[in-house]
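All remarks here apply to the structure that follows.
The values are calculated or read from the model by the stated rules, or taken from the named source; none is laboratory data. Model, not experiment: these values are computed from the prediction. All Cβ positions, even for glycine, are placed from backbone atoms using ideal geometry, and neighbour counts span all protein chains on display.
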Amino acid sequence: MSGLVFDGVSAGPLLRVDARIGPGLTLVSGESPTALALLIALMAGAERPRSGRVRLEEVDPHQSPEQRRRTAALLAREPLPPAPSVLRAVERVLAARGDSGSPGAVLEASGLGSSASRRPAELDPSEERSLALALALSHPSPHLLALYEPFHAGNGMTPDTVRDGIRRHAARGAIVVVAAVGVAPLRALAATRLELRGGFLGAARSDLGLFRGSVSLRVRTAEPKRLVKALVEEASLTGVHFDDIAAPGSVLVFGTDLELVAETVTRVAEASGVPIESIVPTTMPVPHGAAPPPHGAAPPPHGAVPPPYGAAPPPYGAAPPPYGAAPQPYVAPLPEAPGRAPDQSVSMPTTFADPTRPSGGSDGR
Amino acid sequence: MSVVFGALHVSDALRSRTPWLLQVLAFTAVAVLGVVEQARDAAYATERTLFGVAFGFLAPLLFLALFEVVHRKDRTTAIIAPLARHGQSRRALAAGLLGSLALVCAVSGGALGLVAALSSASPTAARFVPDLVACAWGGAAIGAAYAGLYAVGSLWGRWGRVAMLAIDWVFGSGAGYAALPFPRSNARSLLGGEPVIDSSQLVALAILLGLTFAGVLLAVLRAPR
């Protein structure tokens, strides 16, 4: 089994993707929802690259119905096949992939149990994606589970259910790829992290995406939201991160000087009356352009030579870290992609209509 | 299995009221004009009905409408995508879908020919029954040929189909070499009108059947696996 291989793939906003993705969970984050959605569509064989090759176990999924049958995916848009009712459409999808599962159970899992008799055309895009997510997660044994924004697929499935489904398939040894603008709900899971930026796919620079800074502190408090509100005005900080789902009692605070950050947090907490339980440094200062360390490994030594952006992800075949292990916090300044000409930005739309995003229309950038 | 899914797609799409309403409207128009032609001048009333309103004007539009009901402005590969991505062969799905559509168009064309003959011919005429039969199978062959033409047009979506209709209208109206590969000219020839490059009705029938198979086959082979 050779995993999922992207060999010089370009398509739409994807300028060049070279990657080998093995079994286990891989998170792909990025700024462009269009590019992320296209990446998943290429993996699922729903789209074909303009140039380059996509191979799942040495076979092009776009050209192989058998390979597509073994792939469970959630795309940006998920129209159902035409059928007299939603239930019949789901029945047809299950039959198409040779699945003897119950269509009723899939509908219940997606929160659309009461919509069985509706016509497929009556479902809105959010309901369609909710159903597609339930279909993908209910696949009995996919070789590849590729999901685009699974936490923004309607209200039918709770984040815990989605996370459990992802974890279950990854633990089975399937290749599981989740592509999303923000992968925060999955941060607690051990995963290979990739980042899609400027049309290139490379090792993720930071679990925290856009938050920059050479140092960070994890502040545990019972009132994280009040603390965040108080901290955001502080000029001495470069960023504040709070994730209500992944780490409800923690606030990550970023800056350039550890002592100054600690002093600021203490002062602001005291002034605003927010009780602090603990303050722990989470990173060592890393040089500009340093590569992200492998998850579970110690932070890189000072002055480590970074691999080029767009380099292959961690070697395929390496044992993945245990599930549930906290990923090594890592923060690094943003390196520039080599060879990234300024005019390439024109192929990366800054806004686009995406009904699956919570905002309902724009990626907000 | 994929072929069956393609056929089911057509059957589901044609279950709506629109295609039936269109058929009824087309048949009614042909029947009324057939009766008018018969009343005006009984000689060659059937030919005028067939060449004029039935297969000269309404049939190509009716078959286009049937394709639109199933395709909804999309390409064939786009409408089979929801099942193809779950593991069905695109080519087999397209074969099932376009084959079924060709069958539907053939039945519809046959019925249209029958209605035209019934409404415009006198039941007391010597060749009434043979004419009915000829109009029915001739109409079926014409319907299938248009399905082949629109199957090729469906490689580009709605505009492809409309372009095929326009090209057929422009080039198929003649009787020279340029008219040879079009259903319109061969339909006229098959139904006893002006032949294309002086060829026989048998040749016209062969071309119509060839257009059906070639069109569907080309559309199927152009689809990825």
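Going by what's in this entry, would residue B:145 be described as within 28 Å of residue B:11 (Cα to Cα), surrounded by fewer than 24 Cβ atoms within 10 Å (Cβ to Cβ) and touching a Ser or Thr at 6+ places or on another chain (Cβ under 9 Å)?
Spelling it out, it is not the case that residue B:145 is within 28 Å of residue B:11 (Cα to Cα), surrounded by fewer than 24 Cβ atoms within 10 Å (Cβ to Cβ) and touching a Ser or Thr at 6+ places or on another chain (Cβ under 9 Å).
Of the residues that make up the range A:69-88, is at least one under 30 Å from residue A:7 (Cα atoms), more than 8 Å from every other protein chain (Cβ to nearest Cβ), of a type in the set (D, E, K, R) and surrounded by fewer than 23 Cβ atoms within 10 Å (Cβ to Cβ)?
Looking for residues that are under 30 Å from residue A:7 (Cα atoms), more than 8 Å from every other protein chain (Cβ to nearest Cβ), of a type in the set (D, E, K, R) and surrounded by fewer than 23 Cβ atoms within 10 Å (Cβ to Cβ), one finds at least one in the range A:69-88, hence yes.
What are the residue pairs meeting all of these: first residue in the range B:120-133, first residue under 14 Å from residue B:191 (Cβ atoms), second residue surrounded by 14 or more Cβ atoms within 10 Å (Cβ to Cβ) and among the charged types (D, E, K, R), Cβ atoms under 7 Å, and 6 or more apart or on different chains?
B:120/B:37; B:121/B:131
Filter the range B:9-32 down to the residues that are touching a residue at least 60 places away in the same chain (Cβ under 8 Å), of a type in the set (A, V, I, L, M) and buried (at least 16 other Cβ atoms within 10 Å of the Cβ) and list them by number.
Selection gives B:10, B:14, B:26, B:30, B:31.
Just the residues that are touching a residue at least 40 places away in the same chain (Cβ under 8 Å), hydroxyl-bearing (Ser, Thr, Tyr) and assigned by TED's automatic domain parsing to the domain that holds residue A:154, please, taken from the range A:63-122.
A:71
Report yes if some residue within the range A:17-33 is closer than 29 Å to residue A:164 by Cβ, within 12 Å of another protein chain (Cβ to nearest Cβ) and not aromatic (Phe, Trp, Tyr); otherwise report no.
no
Wholly within the range A:3-67, which strands (runs of 3 or more DSSP E) include no fewer than the required count, namely at least 1 residues that are under 18 Å from the mean Cα position of the chain (by Cα)?
By residue number, A:4-11, A:14-21, A:24-30.
Quick check on the range A:1-23. Is at least one of its residues aliphatic (A, V, I, L, M), touching a Lys or Arg at 6+ places or on another chain (Cβ under 9 Å) and surrounded by fewer than 20 Cβ atoms within 10 Å (Cβ to Cβ)? Reasoning before the result, please.
At the first step, the residues of the range A:1-23 found to be aliphatic (A, V, I, L, M) are A:1, A:4-5, A:9, A:11, A:14-15, A:17, A:19, A:21.
If we keep only those that are touching a Lys or Arg at 6+ places or on another chain (Cβ under 9 Å) too, we end up with A:4-5, A:9, A:11, A:14-15.
From the residues that got through so far, the ones that are surrounded by fewer than 20 Cβ atoms within 10 Å (Cβ to Cβ) too are A:5.
Yes, that holds for at least one residue.
Have a look at B:8, B:83, B:61 and point out the one that is hydrophobic (A, V, I, L, M, F, W, C), more than 9 Å from every other protein chain (Cβ to nearest Cβ) and not in a loop (DSSP other than H, G, I, E, B). Break it down into steps so the answer makes sense when it comes.
Values: B:8 fails: more than 9 Å from every other protein chain (Cβ to nearest Cβ); B:83 fails: more than 9 Å from every other protein chain (Cβ to nearest Cβ).
On inspection, the qualifying residue turns out to be B:61.
Taking the residues in the range A:101-128 that are within 14 Å of chain B (Cβ to nearest Cβ) and closer than 13 Å to residue A:139 by Cβ as candidates, determine which candidate is surrounded by the fewest Cβ atoms within 10 Å (Cβ to Cβ).
A:101
Only one residue in B:126, B:140, B:117, B:121 is of a type in the set (A, V, I, L, M, F, W, C) and within 19 Å of residue B:182 (Cα to Cα). Which one?
Exactly one of B:126, B:140, B:117, B:121 is of a type in the set (A, V, I, L, M, F, W, C) and within 19 Å of residue B:182 (Cα to Cα), namely B:140.
Regarding the range B:97-114, can at least one residue be identified that is over 12 Å from the mean Cα position of the chain (by Cα), part of a helix (DSSP H, G or I), more than 21 Å from residue B:29 (Cα to Cα) and within 14 Å of chain A (Cβ to nearest Cβ)?
For the range B:97-114, residues over 12 Å from the mean Cα position of the chain (by Cα), part of a helix (DSSP H, G or I), more than 21 Å from residue B:29 (Cα to Cα) and within 14 Å of chain A (Cβ to nearest Cβ): present.
Considering each of A:162, A:178 in turn, give the residue that is touching a Phe, Trp or Tyr at 6+ places or on another chain (Cβ under 9 Å), crowded, with 24+ Cβ neighbours inside 10 Å and touching a residue at least 24 places away in the same chain (Cβ under 8 Å).
A:178
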